[in-house]
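Chemist: Just dropping this structure here.
We did not get these values from a lab; they are worked out from the coordinates using the rules stated. Please read all numbers here as calculations on a predicted model, not as lab measurements. Neighbour counts are summed over all protein chains in view; Cβ atoms, including those assigned to glycine, are modelled from backbone coordinates with ideal geometry.
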Amino acid sequence: MAASAESITPDVVEQHGLSPEEYERVLHALGREPNLVELGIFSVMWSEHCSYKSSRLHLKKLPTEAPWVICGPGENAGVIDIGDGQAAIFKMESHNHPSYIEPYQGAATGVGGILRDVFTMGARPVANANALRFGRPEHPKMQHLVKGVVAGIGGYGNCVGVPTVAGETNFHPAYNGNILVNAMTVGVADADKIFYSAATGVGNPIVYVGSKTGRDGIHGATMASADFGEDADAKRPTVQVGDPFTEKLLIEACLELMATDAIVAIQDMGAAGLTSSSVEMATNGKAGIRLDMNMVPCREEGMTPYEMMLSESQERMLMVLKPGKEPMAEAIFRKWELDFAVIGEVTDTRHMVLEWNGEVVCDIPLGPLAEDAPLYDRPYLSKEEYKSWAQVKPLGEVPESSDIGADLLRLMASPNLASKRWITEQYDSQVGADTLQTGGDAGVVRVHGTQKALAITTDCTPRFVYADPYEGGKQAIAEAYRNLCAVGARPLAVTNCLNFANPQRPEIMAQLVHALEGMGDACRALDFPIVSGNVSLYNESKATGGGSAILPTPAIGGVGIIEDYTTMMTMGFKAAGEHIAVIGPNYPELGQSQWLRTIHGREDGDPPHVDLADEKLNGEIVRRLIAEGKVTAVHDISDGGLAVALAEMALASGIGATIDAMTTEFAFNESQARYIVTYRNKGDLDRAEVPFARIGVTGGDALTIGSSAASIASLRDAHASFFRDWMEG
Amino acid sequence: MGFRSAVVTFPGSNCDRDMAVALEIASGTPALRVWHGDAELPERLDFIAIPGGFSYGDYLRSGAMAARSPIMRAIVEAAGRGVPVLGVCNGFQVLTESGLLPGALMRNASQNFICRTVSLKVENSQTLFTSQYDQGEEIQVPVAHHDGNFFADTETLDRLEGEGRVAFRYLDAVNGSQRDIAGIINGAGNVLGMMPHPERAVEPAHAGTDGRKLFASAVARLVDA
């Protein structure tokens, strides 16, 4: 072993984020001391970000199979069958820590990374979505963070030419020191042209394509696997810099090469860069790998193997080609003005061997790096113990609203329910000319050249998850299911992005475990498997004073299919004089509602319970009503309850409504499994088949509920006021 | 004989496919695709389209690098011969950078990227790109750009207005453009540059179909000729 004069002191081990016990494992795995290159490789491969060491045990309990699932978790993204020999490929991923440190580049490279996960598998990306959580708007950093993140997401997605069609943005003080940026990409591929990552064929060339390797992002995965200390700003150099132009070229070049039969395996270089891509490819292929570090295209002179292996420079891919295909492949990448270099070969050693200047600078057995990486069964609180730890106050007395219309205006102007137009207009939602709907319950994009369309939604209600992780986990899945049904799509599968705080705290681990249990139960009940995902832990910050954990935020990205896009449903009222009904049961459950929080400043009580049988039944009923043309508008009831949902339907169309008098509870509770529908004729909904309650009629230029009215103009102004006053005021 | 149109692809173009689809819908003939590095255009073209996107990443000024590519020399030469040339969004930026159209497109006044459907007024329905519209017709077409703020000196603006070379005008302020100009034509009337995307408004599935008449105008001129 050469070039390892550096001595590995306990300090060096700690700087690499490895515990003393983990370092013992390294010594055991190698049977000797590692050199610095090897230590660096263990450090990133065993980081939470790459190894899922705290969550793996519990992720295994999620349902991942259905007849239409082609590939579940474990590859770069999940793959589902969408008929006609086509597949949808999708995944959601976090870029939280980098986005807090450098919001524009952090968010931009988050989009870039998730796009690569999808086109790596052979899909042309057709839609982006996101799920964003920010702190309280008055926080001194928050405006800067929101502006930077939104500009970064737009800057990358717009340039690459993938429309951003769905997303959600919430504000809560729990994210003051640790915002969440979760990005999702959906792509479409031919089902018989899916590309996987398993490196096979001893002697096959390993090829590096894309951008050159620089010194940016070194140790990004390790950084993303720790709490923020006081020195978050000092970590800026660990944030990568994105180049969406190169990404666009890389997409076109990869898809052009994929149309030939040259590729054995392909993997993007994401977190932990060349290290994790090469380790995963060799591991998945049950092979070994030998790389010549002198062949790696470098942006700067004098880069060491350590830096090359740990760099997170963006827009790079690693491929295994069939022998003899190198010249043809190289010509394609040269045409797109991208780097192309054969940097090694597949071996049968089950070792990762790196050579530099003719000497071996790293020789690690692959088992300990990936399959046998540390796995922790971290202690967690039982549901009862968690409840007493969380100390959520019981709901207690809730006063009746004195004026439902006035409360509604305040809700519409609140940050969480405000119009997000300021954000969404910064994203090109139309490029590709296949976007059929944005701003409704789900984004909808046509599958190019077909009658089919994909519906996409992102959902999670973190305050529900905090109050009751199990029900909150169920609710995130149920809401995604509902949003897809509301546009007339058959829900197919989900991706998740599990954002939690420090898993070494039993109460945080309890949030993770119980939320996953709830998600798993919901996925099973709704036939809605999880096909890909990402875990982001240690989302807490000392930078804002005190170890403040985020709310548990298992964000969901749901995908559904509409067989004939001309049947797609939207939420705006269509005409005056139509009946309005609520489908689904209403329960007395104002706990954790937006109304309680916004009007009374309280986050008390249990979140609404989720009856999965109701969710399934009502979703199926709504889809049938849409398919049969019996309803003219559909909107799911979620944040803000019935009154807010009605206001959104009115604002989407400019048509008002007159609604029967109702209690505060009926107006604002967030009972699940409910939809608002409109229909033309009294007989269109059959009471024997549809559990509905007629509540009013469309028309006029105000939303009138009992004796209380809010004009559409005042609702529109309230809805627009938050971002207008905050960003332009 | 079919309508022979060509769509140019620069590295970073991302509306090239959408433009080709719109041209095929309007003409019934697939558009030819041209690579930026080509020195020559296909023969006997009836129409050349420069699509939206971020050519060369727009890392210098928007459209500046593309304006100096080999294919643009051929397009400038073809435009000189009277071949109709349409530049949309980044294509408009390329046309101003190449000197085929006057003025420049600066960063939006809001500093933000803007994606929304806007109302336009057809200011000149006598051009080969607008003959199917009524004079003064109001149409709805999406915009999606960061650098759409049209700027020219007063003398140039007055000349454009006086010669009827403002093809489209925004009905509401969108991006800070001088005199709300959304699209202009050259002196000979065969080059149109516009920031809004007519190719995103041609199918029933789109939010509107007001872009159709633009392509139909170009096709009708050929059929009539």
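Chemist: Ranking A:TYR481, A:TYR675 by Cβ neighbours within 10 Å, fewest first, what do you get?
Modeler: So the ranking, lowest neighbour count to highest, is A:TYR675, A:TYR481.
Chemist: Right, next: At a Cα cut-off below 29 Å, give the lysines reachable from A:LYS248, other chains included and same-chain residues fewer than 8 away excluded.
Modeler: Counting by Cα, and skipping residues close in sequence, A:LYS248 has these lysines nearby: A:LYS91, A:LYS147, A:LYS193, A:LYS212, A:LYS235, A:LYS322, A:LYS325, A:LYS335, A:LYS420, A:LYS452.
Chemist: Which of the GluC sites (Glu not before Pro) found in the stretch A:384-462 are loop residues per DSSP with 14 or fewer other Cβ atoms within 10 Å of their Cβ?
Modeler: A:GLU397, A:GLU400
Chemist: How are the alpha carbon pair distances in the stretch A:593-661 distributed across 5 Å bins from zero to the largest one, expressed in percent?
Modeler: Going out from 0 Å in 5 Å bins, the stretch A:593-661 shows 3, 13, 16, 19, 21, 16, 8, 3, 1 percent.
Chemist: Still on this structure, I have one more. Quick check: residue separation of A:GLU256 and A:ALA576 times 0.36 nm, minus the Cα distance between them. What number comes out in nm?
Modeler: 110.1 nm
Chemist: So what is the relative contact order for the stretch B:5-224, in percent, with contacts set as C-alpha pairs under 8 Å and at least six apart?
Modeler: On the way: 515 pairs, mean separation 43.9, N = 220.
Across the stretch B:5-224, relative contact order equals 20 percent.
Chemist: Here is a further query. Let me test this: with uniform point scatterers at the alpha carbons of chain A, what is the Debye-based log₁₀ I(q)/I(0) at q = 0.06, 0.07, 0.09, 0.10 1/Å?
Modeler: Calculated log10 I(q)/I(0) at the listed q: -0.35, -0.47, -0.77, -0.94.
Chemist: Mind listing which GluC sites (Glu not before Pro) in the stretch A:451-512 are in a DSSP loop and have 15 or fewer other Cβ atoms within 10 Å?
Modeler: The qualifying sites: there are none.
Chemist: Considering Cα pairs under 8 angstrom that are at least six residues apart, work out the relative contact order of chain A and quote it in whole percent. Walk me through the numbers before you get to the answer.
Modeler: Working: 1880 pairs, mean separation 113.3, N = 729.
Relative contact order comes out at 16 percent.
Chemist: While we're looking at this one, here's another question. Among rounded, prolate and oblate, which fits the stretch B:124-195 when a ≥ b ≥ c are the square roots of the eigenvalues of its C-alpha gyration tensor, a/c under 1.5 means rounded, and a/b larger than b/c means prolate?
Modeler: Oblate shape, in that a/c is at least 1.5 and b/c is the bigger or equal ratio.
Chemist: Please give every one of the lysines within straight-line cross-link reach of A:LYS387, meaning a C-alpha to C-alpha distance under 18 Å, and leave out same-chain neighbours fewer than 8 residues apart.
Modeler: A:LYS474
Chemist: On alpha carbon coordinates alone, what is the Rg over Rh value for the stretch A:404-451, Rh being the Kirkwood radius?
Modeler: 1.17
Chemist: Short version: ³J(HN,Hα) in whole Hz for each residue of the stretch A:321-329, in order, from phi by Karplus 6.51 cos²θ - 1.76 cosθ + 1.60 (θ = phi - 60°), x for Gly and Pro, what are they?
Modeler: Computed from phi, the couplings for the stretch A:321-329 are 9, 5, x, x, 8, 4, x, 5, 5 Hz.
Chemist: What list of ³J(HN,Hα) values in whole Hz, one per residue of the stretch A:123-137 in order, does the Karplus curve 6.51 cos²θ - 1.76 cosθ + 1.60 (θ = phi - 60°) give from phi, with Gly and Pro shown as x?
Modeler: 9, 7, x, 10, 7, 10, 9, 8, 9, 10, 10, 10, x, 5, x
Chemist: Only four residue types carry charge here, +1 at the Cβ of Lys and Arg and -1 at the Cβ of Asp and Glu. Report the dipole size of the stretch B:5-224 about the Cα centre in Debye, rounded to the nearest 20.
Modeler: The dipole magnitude comes to about 260 debye.
Chemist: Another question, then. Applying the Karplus parametrisation 6.51 cos²θ - 1.76 cosθ + 1.60 with θ = phi - 60° to the phi angles of the stretch B:188-195, what ³J(HN,Hα) value in whole Hz is obtained for each residue in order, glycine and proline being reported as x?
Modeler: These are the phi-based 3J(HN,Hα) values: 7, x, 10, 10, 10, x, 8, 7 Hz.
Chemist: Here is a follow-up. Decide, for the stretch B:5-224, between rounded, prolate and oblate: order the square roots of the alpha carbon gyration tensor eigenvalues as a ≥ b ≥ c, take rounded if a/c falls under 1.5, and otherwise choose prolate if a/b is larger than b/c, else oblate.
Modeler: It comes out rounded by the Cα gyration axes.
Chemist: Still on this structure, please answer the following. Obtain the nm distance between the two label points defined at A:SER707 and A:ASP84 by a simple spin-label model: each point lies 7 Å from its Cα along the Cα-to-C-beta direction.
Modeler: 5.6 nm
Chemist: Sticking with this one: What is the spin-label model distance, in nm, from B:ALA109 to B:ALA220 if the labels are put 7 Å beyond Cα along the C-beta direction?
Modeler: 3.4 nm
Chemist: Check A:VAL535: other-chain or 5+ apart residues with amide H under 5 Å from its amide H, H built from backbone geometry?
Modeler: A:LEU498
Chemist: At B:GLN140 and B:ALA173, where each label point lies 7 Å from the Cα along Cα→Cβ, what is the point-to-point distance in nanometres?
Modeler: 2.4 nm
Chemist: For a Förster distance of 35 Å, can you work out the FRET efficiency between the beta-carbons of A:LYS286 and A:ARG32, rounded to the nearest 0.05? If you can, show how the numbers build up before the last one.
Modeler: Details: r = 25 Å, r/R0 = 0.71.
That gives a FRET efficiency of 0.90.
Chemist: Multiply the residue separation of A:ASN357 and A:VAL697 by 0.36 nm, subtract the distance between their alpha-carbon atoms, and state the gained length in nm to one decimal. Let's see the in-between values first.
Modeler: On the way: separation 340, 0.36 × 340 = 122.40 nm, distance 7.85 nm.
Going from the current span to full extension adds 114.5 nm.
Chemist: Here's something else I'd like to know. Can you list the aspartates and glutamates whose alpha carbon is less than 14 Å from that of A:LYS61, not counting same-chain residues fewer than 8 positions off?
Modeler: Within the straight-line limit of under 14 Å, A:LYS61 reaches these aspartates and glutamates: A:ASP377, A:GLU517, A:ASP521.
Chemist: Let me ask another. Around B:ASP172, what is the net charge, scoring Lys/Arg as +1 and Asp/Glu as -1 over all other residues with Cβ under 13 Å from its Cβ?
Modeler: +1
Chemist: Which Cα, out of A:ILE89, A:ALA127, A:TRP46, lies furthest along the positive dipole direction of the stretch A:8-165 (beta carbon charges, K/R +1, D/E -1)?
Modeler: Working it through, the farthest residue towards the positive pole turns out to be A:ALA127.
Chemist: Does anyone have the angle between helix A:142-160 and the longest principal axis of chain A? Alpha-carbon axes, 0 to 90°, nearest 10?
Modeler: In chain A, helix A:142-160 runs at an angle near 70 degrees to the longest axis.
Chemist: In terms of the Cα gyration tensor, with a ≥ b ≥ c the square roots of its eigenvalues, is the stretch A:257-328 rounded because a/c is under 1.5, prolate because a/b exceeds b/c, or oblate?
Modeler: prolate
Chemist: Let me ask something else about it. Check each of the GluC sites (Glu not before Pro) in the stretch A:650-729 and keep only those in coil by DSSP with at most 13 other C-beta atoms within 10 angstrom; list them in order.
Modeler: Working: sites: A:GLU665, A:GLU670, A:GLU689, A:GLU728; in loops: A:GLU670, A:GLU689.
Taking the stretch A:650-729 and a limit of 13 other Cβ atoms within 10 Å, the loop GluC sites (Glu not before Pro) found are A:GLU689.
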